[in-house]
Amino acid sequence: SQQGEEDPQALSIQEGENATMNCSYKTSINNLQWYRQNSGRGLVHLILIRSNEREKHSGRLRVTLDTSKKSSSLLITASRAADTASYFCATVDNYGQNFVFGPGTRLSVLP
Amino acid sequence: EAQVTQNPRYLITVTGKKLTVTCSQNMNHEYMSWYRQDPGLGLRQIYYSMNVEVTDKGDVPEGYKVSRKEKRNFPLILESPSPNQTSLYFCASSWDRGRDTGTEAFFGQGTRLTVV
């Protein structure tokens with residue numbers, strides 16, 4: 001019953017470049033959230049975008065949401081080596097009960 | 001400091017030996033859940049709880065039990081662990097299921113379980 005699917009599965013860029021990750025989902029949502037996970041550690045909330053919003057910014061993060069295409073993107077500008085992590089999108093599932101996470105995008109930022 | 005605390009962080013056990021992974025949150029959250037994370041499969045929900053004495057199955061509940069006797073605690077119980085339950089486990093909490101108010105989930109640091 002996976003709701004979110006991130007794309008690409010893995011991304012490798014140079015420090016200073018921008019990183020874009022995409023998330024697609026299947027059903028109507030109330031909001032979509034992005035999380036970050038450093039290797040083997042707990043997930044940390046990055047940003048939330050509601051279904052009536054199209055774009056949101058937080059520092060170097062920019063999230064867009066296209067409910068007609070059931071997709072979202074996370075852009076990290078001017079990436080740093082410390083941004084190396086896995087990034088997950090999360091939506092609430094069909095029954096409105098749970099956070100449902102996609103498989104994630106592994107981002108590697110090379111110095 | 002707002003946090004979700006899981007214990008233990010690492011555990012190696014033998015097949016069939018009952019174990020409990022504890023989870024506690026200090027944010028007075030109503031909603032708590034357990035996930036397992038396996039390579040290539042992302043996070044899959046095991047069980048969740050919307051409040052005290054209210055629990056329900058997630059996507060992969062087989063072989064697990066939970067209880068929610070107090071708001072702050074949500075232990076995960078493996079009555080008879082098997083090697084296919086070797087995984088990285090996370091507990092998470094939030095105000096609610098995230099649908100109406102869109103609150104974020106707070107995660108514990110994880111428990112790496114190996115069943116031999």
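The values are calculated or read from the model by the stated rules, or taken from the named source; none is laboratory data. Fair warning: this is a prediction, and the values are worked out from it, not measured in the lab. Quick reminder, even Gly has a Cβ in these numbers, built from the backbone with ideal geometry, and neighbours come from all protein chains shown. We work out accessible area using only protein heavy atoms, side chains counted, and drop any ligands, DNA or RNA first. Shrake-Rupley method; radii C 1.70, N 1.55, O 1.52, S 1.80 Å.
Some points to look at:
- Residues (open to solvent by 30 Å² or more (accessible area, probe 1.4 Å), in a strand (DSSP E or B) and not hydrophobic (A, V, I, L, M, F, W, C)) located in region A:1-46: A:5, A:7, A:12, A:14, A:20, A:22, A:24, A:36, A:45
- For region B:83-116, residues that are open to solvent by less than 60 Å² (accessible area, probe 1.4 Å), polar (S, T, N, Q) and at pLDDT below 95 total 3.
- Residues of region A:76-89 satisfying the condition of being open to solvent by 30 Å² or more (accessible area, probe 1.4 Å) and free of Cβ contacts under 8 Å to residues at least 60 places away in the same chain: A:77, A:82, A:84
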